[in-house]
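In what follows, a single structure is set out as structure tokens and then discussed.
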Amino acid sequence: MNDQDILARIQALVEEEHSLREAAGDGQVPDQARLKQVEESLDQCWDLLRQRRAKSESGENPNEAEARPVSEVEGYKQ
């Protein structure tokens, strides 16, 4: 997966997240389980993209970056 693939995945997840949240604004009950999955996937994608960019900037191979488990990326302080 290259940076463009990750960015495309992020865009798709953001669109889905917005759709789920808009449902709540329209008086519908959003699918909380799916919303949580989308948010976790977004966190993983952003983390992977940051890893790839850091490796590239330091002269390492960005393809060596790997997606970290949700339990790890969810624990980061913003």
Relative contact order computed over the chain (Cα-Cα under 8 Å; 6+ residues apart), in percent: 29
Relative packing of 42-51, 65-74, which averages over residues the other C-beta atoms within 10 Å, highest first: 42-51, 65-74
Estimated dipole of the chain in Debye, rounded to 20 [Cβ of Lys and Arg +1, of Asp and Glu -1, Cα centre]: 160
Rounded accessible area per residue of the chain, 1.4 Å, Å²: 70
Two-site FRET efficiency, residue 37 against residue 7, from Cβ-Cβ distance with R₀ of 22 Å, rounded to 0.05: 0.70
Solvent-accessible ranking of 7, 20, largest area first, probe 1.4 Å: 7, 20
Residue with peak Gaussian network fluctuation, the chain [Cα springs, cutoff 10 Å], from 29, 14, 38: 29
Correct option for Rg and Dmax of the Cα atoms in Å [calculated from the coordinates] among (1) 14.6, 50; (2) 12.5, 41; (3) 20.1, 72: (1)
Of all accessible heavy-atom area on the chain, the percent that carbon and sulfur account for (1.4 Å): 45
Max mean-square fluctuation residue, GNM over the chain, Cα-Cα springs under 10 Å, options 15, 40, 64: 64
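The values are calculated or read from the model by the stated rules, or taken from the named source; none is laboratory data. Since this is a predicted model, take the numbers as computed values, not measurements. When we count neighbours, we look across all protein chains shown, and the Cβ atoms used for this are built from the backbone with ideal geometry, even at glycine. Ligands, DNA and RNA are stripped out before the accessible areas are found, and what is left, the full protein with its side chains, is counted by its heavy atoms. Shrake-Rupley method; radii C 1.70, N 1.55, O 1.52, S 1.80 Å.
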